[in-house]
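Q: Got a structure for you, written out below as C-alpha cells; questions coming shortly.
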Amino acid sequence: MKHHVLLLAALATGPAIAAPTVTRLTPPSELFSSNRSDPVIARFLPGQRFDLQATIKPDAGQKITAARFFVDGKQVAATVALRDCASGCVKGLAPETTIATVRAASSEAAGKHEFSVESVQADGQKVVARGNFEVVPFTAAMGPKVKNIIILLGDGMGASQRTAARIVHGYAQGKAVQPLAMDSFTATAMVKTASLNSIVTDSAPGMTSYVSGNKNNNNEEGVFPDDTVDAFDNPRIEYLSEYLHRTQGKQLGIVTTADVFDATPAGNAVHTSNRGAGTGIVDQFFDDRSQTGLNVLMGGGRKWFLPAGTPGSARTDALDYAFSTTDAHTAEIVKRWGVAAGSLDKSRDLIKAFQSAGFSYAATKTDLDNAAADKPLLGLFAFSNMNVALDKINGRRGSDKNGVNEGSVVDDFGLPDQPMLDEMAAKAIDVLKRSPKGFVLMIEGASIDKQAHLMDTERWLLETLEFDRAVRVAQDFAAERGDTLVIVTADHECSGAALIGGSVVTDKALTELTAKKGVANLRNQVVGVYEKAGFPRYKLAADGYPETTDIDYRLLVGYGANADRYEDWRTKKTPQRDGQQPFASEAPLKWYSANAQERDDALGEYLVTGQVPGEQAVHTATDVPLSAYGPGALTFTGVIDNTDVFFKLAQAAVRGAVAPADASGAKRPPKPRR
C-alpha cells in the first residue's frame, strides 16, 4: 500500500540517513493510503468532533521526540499526546513505534480539507504524512427543523424479510390485503452497507455509519481503528446523540430486544473497538450519559448490571476500562471529550447506580406499565437477549410451545412477563416526548438478525411483524406531532433469505412427508414455484400475530448464505440454545438444540448443503431498503451510502428539511475518464 509521505532530511549534505515512517494516519483517507484525493472517506458535520492520530515508526535505535498536526497548513492548537509501543500495542510493532494523538478536533469550515502530521525523531529526521477529510455543510432549509428523530433498525432485515412479513399479513389476487406500516412511509431509498474494512458489514459499523457519518471497522463502535490493544482508547467520532445533545440539548433513548450491550444499541452512544466488552460498554452508557443525553435504555442484558458474584452476573474487569489520568494518551480523552475516566469495578451494582441517578427501573412488563413517564427509565427484561416474539406470544396465549401443551419457552427462561417491542417503544416515546429540546430514539428489532443467523424462519418472521408494530407506534406519534422524522431501515441483510414459493401440500401431509424423509419427499413433493406457490393464507389473531405458523400451503423460505442445515419447513418447537444466556448450561435450557443440524437432523433428513462454513448463516453485502416519514422524508431517495443517512438526519434537526436535490450526503458521481 502506498502512503502519501514526505521525508525531510535534517541535513542538506552528507551521507543518507534513514528517516521515520508513518504507517497509519487517522481519520482514514485514500490520500494517505493510495495518494488519491477521492473518494473522501471521512466526513463530518461543521463542529463535529473527531480525533487525529498517527502511528510513526522511527529508524532503528531512534525515538520520536515530537509530532504536530496541521489542517490546511495551520497547526492544530491542542496537546499532542505521544505514547510508545514498549507495551500495549498490536503484535508486529517495534517497541520504539510511537502513536501521536490529538483528541476532539473539529472544523467549522465546509469543504474538503487536507490534514497532515509532522513527526521528528531524535536525530532530527522528519516525516510528513498527509490525508484528507470533508466537512459537509448545512444548507438552507425548505421547512422547519425537526424536533425529534426516531431510527427504527430492523437488524438483518433485507427486502426479503420485509416482503415475507407482508405476505403473512395477506395477499388477494396479487394485492397486499394489509400493508405493513413501513410500507406506508413517504419515501424509500436503497442503502449501501459496506463497512470500513469489508463489503460485508457486521452490526457495529452497520449502526454507527447512520449516527456518526463515518465508516468503522467490523466489531468497532464509534471509533476509527488504531494500533493499541486497549479496546477503549481508539480515535473517537462524535455520535449524532452527542452532537445534538451538546448543541441543542436533545435527549437519547435506546430500545432493543437484544442485550443492551449488543452492537446496535451500543453503536449509538459507546466508543470501543471491541463490541464484546460488555462491562465497559454498559458502564459507559451510564457514566457518559451527560455527553449523550441518555434518558431511556431498555432491552435485555441484566447480567452486565449485577455485581460480580451475583447469580447471573457477567461483570468482569477484563471487559472494563480505566483511563489513566497521568498518561496523556488516555488523559486527553477525559479532558478533551469531557467523559468519565472509568474504573475496574466488577462489583459495581449498576442498576442501583441508575436508580440513584433518578432512573426508574423495570424488570418486567408489569414494572414497565407502572413506571412513571416523568422520570428517566432503565428497563432490563432478561439476563441477556430477550425472548423472541413467537415465544413471547405463545407464552401470552396460554403457555404452550407452538400448540404443544408442555410449558412455554418464556417459562423455561424464568421470564414470563416480558414486554413486546411496540410496548417498549410506546413507553420510551411517552418518557422522551417530555424533553423540551426534543430527542433521538433508536428502536431495534434485534432478533430478525439473530434468528436469520440460525435459519429459524418462523422466528425471524414474527420478529419482523413485531418490529413493524413498533414502526406503527412511531409513525402514529410522528403523524400526530408533525415535528418528528422517522426512518426505518436495517444495518445489513442476514442469511440471504429468499422467498422461493409456497408449499403445495397441507400441514398434515407435510408431517407425513417428513416421516418418509429425504429430498424426494420434502423438496420434490412440497416446493411450489411460480403459479404453484399461490398465496399463503395466514390468519391473524386479535393480538396481530398468526394464529399458527404451521398452516396448509405455507410460505417457503430458502437461504443463499446458509450453513449446512436440515429442512422440514415446519416451525421449530423451541429456539436454539443461546450461549449468551448465563443459565444456558442449566436445565431446562441445556436441553435446547445447540445448532441447526442438531435441531433438525432427526426429522426429515433433507440436508441442504450450505455456502458458508460453520453452524450459522451469515450477513450479506446486499443493499437494504430505508423508508422515511415526516419532515425531511423526501431526501431519502435513490441509492445512498449508509453514511449519507447521518447528514440527512442532522440537516433536518439543525437547519430543517431541504429539497431532495439539495440534500446533503449523496453526491453526483464524477464523469468517467475517456
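The values are calculated or read from the model by the stated rules, or taken from the named source; none is laboratory data. Just so it is clear, the structure is predicted and the values come from calculations on it, not from any experiment. Here the Cβ is made from the backbone with ideal geometry for all residues, glycine too, and neighbour counts use every protein chain on show. All accessible areas refer to the heavy atoms of the entire protein, side chains included, with ligands and DNA or RNA removed. Shrake-Rupley method; radii C 1.70, N 1.55, O 1.52, S 1.80 Å.
Q: Let me spell it out: the conditions are (1) open to solvent by 20 Å² or more (accessible area, probe 1.4 Å); (2) modelled with pLDDT of 95 or more, and Q178 meets all of them except one. Which number is the exception?
A: The failed condition is (2).
Q: Kindly indicate which of T514, T549 is among the β-branched types (V, I, T) and closer than 25 Å to L415 by Cβ.
A: After applying the criteria, what remains is T549.
Q: Moving on. Within the range 582-591, does at least one residue satisfy the condition of being open to solvent by 20 Å² or more (accessible area, probe 1.4 Å), free of Cβ contacts under 8 Å to residues at least 40 places away in the same chain and in a helix (DSSP H, G or I)?
A: Checked against the condition, which is being open to solvent by 20 Å² or more (accessible area, probe 1.4 Å), free of Cβ contacts under 8 Å to residues at least 40 places away in the same chain and in a helix (DSSP H, G or I), the range 582-591 yields at least one hit.
Q: In the list V191, V223, which residue meets the criterion of being β-branched (V, I, T) and either surrounded by fewer than 21 Cβ atoms within 10 Å (Cβ to Cβ) or farther than 26 Å from F323 by Cα (or both)?
A: V191
Q: While we're on this one: Please go through the range 259-313 and give me each residue that is touching a Pro at 6+ places or on another chain (Cβ under 6 Å) and within 23 Å of R236 (Cβ to Cβ), ordered by number.
A: Of everything in the range 259-313, just one residue is touching a Pro at 6+ places or on another chain (Cβ under 6 Å) and within 23 Å of R236 (Cβ to Cβ), namely N295.
Q: On to the next question. Could you grab me the full set of residues in the range 74-93 that are open to solvent by 60 Å² or more (accessible area, probe 1.4 Å) and in contact (Cβ under 8 Å) with a residue 12 or more places away in the chain?
A: Listed by number, the residues that qualify are T79, L82, D84.
Q: With respect to the numbered conditions (1) open to solvent by 10 Å² or more (accessible area, probe 1.4 Å); (2) of a type in the set (D, E, K, R); (3) assigned to a strand (DSSP E or B), which one is the sole condition not fulfilled by K437?
A: (3)
Q: Among the residues of the range 630-649, which ones are open to solvent by 10 Å² or more (accessible area, probe 1.4 Å) and of a type in the set (G, A, S)?
A: G630, G632, G638 - these are the residues of the range 630-649 that are open to solvent by 10 Å² or more (accessible area, probe 1.4 Å) and of a type in the set (G, A, S).
Q: Looking at the range 297-335 only, could you name the residues that are of a type in the set (A, V, I, L, M, F, W, C), surrounded by 24 or more Cβ atoms within 10 Å (Cβ to Cβ) and in contact with a strand residue (DSSP E or B) (Cβ under 7 Å, 6 or more places away or on another chain)?
A: Once the filter is applied, which keeps residues that are of a type in the set (A, V, I, L, M, F, W, C), surrounded by 24 or more Cβ atoms within 10 Å (Cβ to Cβ) and in contact with a strand residue (DSSP E or B) (Cβ under 7 Å, 6 or more places away or on another chain), the range 297-335 yields L297, M298, F305, I333.
Q: Scan the range 604-621 for residues that are surrounded by 18 or more Cβ atoms within 10 Å (Cβ to Cβ) and in a loop (DSSP other than H, G, I, E, B) and jot them down.
A: Passing the criteria: G604, Y606, G610, E615, Q616, A617, V618.
Q: Six or more apart or on different chains, Cβ atoms under 8 Å: show the pairs whose first residue is in the range 99-117 and under 15 Å from V128 (Cα atoms) and free of Cβ contacts under 8 Å to residues at least 60 places away in the same chain and whose second is part of a loop (DSSP other than H, G, I, E, B) and not basic (K, R).
A: Correct list of pairs: A100/V80.
Q: Kindly indicate the residue of the range 527-569 that is in a loop (DSSP other than H, G, I, E, B) and of a type in the set (F, W, Y) and also farthest from the chain's Cα centre (by Cα) among those meeting that condition.
A: Per the stated criteria, the residue is Y553.
Q: Let me ask another. All but one of (1) assigned to a strand (DSSP E or B); (2) within 26 Å of E463 (Cα to Cα) hold for I167; state the number of the condition that does not hold.
A: Every condition holds for I167 apart from (1).
Q: Name every residue in the range 30-57 that is in contact with a strand residue (DSSP E or B) (Cβ under 8 Å, 6 or more places away or on another chain) and hydroxyl-bearing (S, T, Y), in order of residue number.
A: S37, T55
Q: Still on this structure, please answer the following. Give L421, L415, L368 a once-over and let me know the one that is over 23 Å from N148 (Cα atoms) and at pLDDT 95 or above.
A: Criteria check complete, one pass: L415.
Q: Separate question: Which residues, taken from the range 251-274, are more than 19 Å from A357 (Cα to Cα), crowded, with 24+ Cβ neighbours inside 10 Å and of a type outside the set (A, V, I, L, M, F, W, C)?
A: Once the filter is applied, which keeps residues that are more than 19 Å from A357 (Cα to Cα), crowded, with 24+ Cβ neighbours inside 10 Å and of a type outside the set (A, V, I, L, M, F, W, C), the range 251-274 yields T256, T257, D259, D262, T264, P265, G267, N268, H271, T272, S273.
Q: Further question: Name every residue in the range 108-155 that is within 30 Å of T65 (Cα to Cα), open to solvent by 20 Å² or more (accessible area, probe 1.4 Å) and not in a strand (DSSP E or B), in order of residue number.
A: Result: A122, D123, G124.
Q: I've got another one for you. Out of all the residues in the range 235-265, which are touching a residue at least 60 places away in the same chain (Cβ under 8 Å), closer than 21 Å to D283 by Cβ and assigned to a loop (DSSP other than H, G, I, E, B)?
A: Within the range 235-265, P235, E238, V260, D262 meet the criteria.
Q: Tally time: how many residues in the range 47-65 are open to solvent by 20 Å² or more (accessible area, probe 1.4 Å), within 29 Å of G338 (Cα to Cα) and in contact with an Asp or Glu (Cβ under 8 Å, 6 or more places away or on another chain)?
A: The total comes to 1.
Q: Then there is this: Quick one: in the range 349-367, which of the residues that are without any contact (Cβ under 8 Å) to a residue 60 or more places away in the chain and either part of a helix (DSSP H, G or I) or in contact with a Gly (Cβ under 8 Å, 6 or more places away or on another chain) (or both) is farthest from T292 (Cα to Cα)?
A: T366
Q: Going by the conditions given, is A426 surrounded by fewer than 24 Cβ atoms within 10 Å (Cβ to Cβ) and either out of contact with any strand residue (DSSP E or B) (no Cβ under 8 Å at 6 or more places or on another chain) or modelled with pLDDT of 95 or more (or both)?
A: yes
Q: May I pose another question? Within the range 441-451, can one find any residue that is at pLDDT 95 or above, out of contact with any helix residue (DSSP H, G or I) (no Cβ under 6 Å at 6 or more places or on another chain) and surrounded by fewer than 24 Cβ atoms within 10 Å (Cβ to Cβ)?
A: For the range 441-451, residues at pLDDT 95 or above, out of contact with any helix residue (DSSP H, G or I) (no Cβ under 6 Å at 6 or more places or on another chain) and surrounded by fewer than 24 Cβ atoms within 10 Å (Cβ to Cβ): absent.
Q: Could you list, in sequence order, the residues of the range 505-526 that are within 19 Å of G558 (Cβ to Cβ), open to solvent by less than 60 Å² (accessible area, probe 1.4 Å) and in a loop (DSSP other than H, G, I, E, B)?
A: Hits for the range 505-526 are V505, G518, V526.
Q: Can you tell me how many residues within the range 200-234 are over 16 Å from V136 (Cβ atoms) and either in a helix (DSSP H, G or I) or among the acidic types (D, E) (or both)?
A: Number satisfying all stated conditions: 13.
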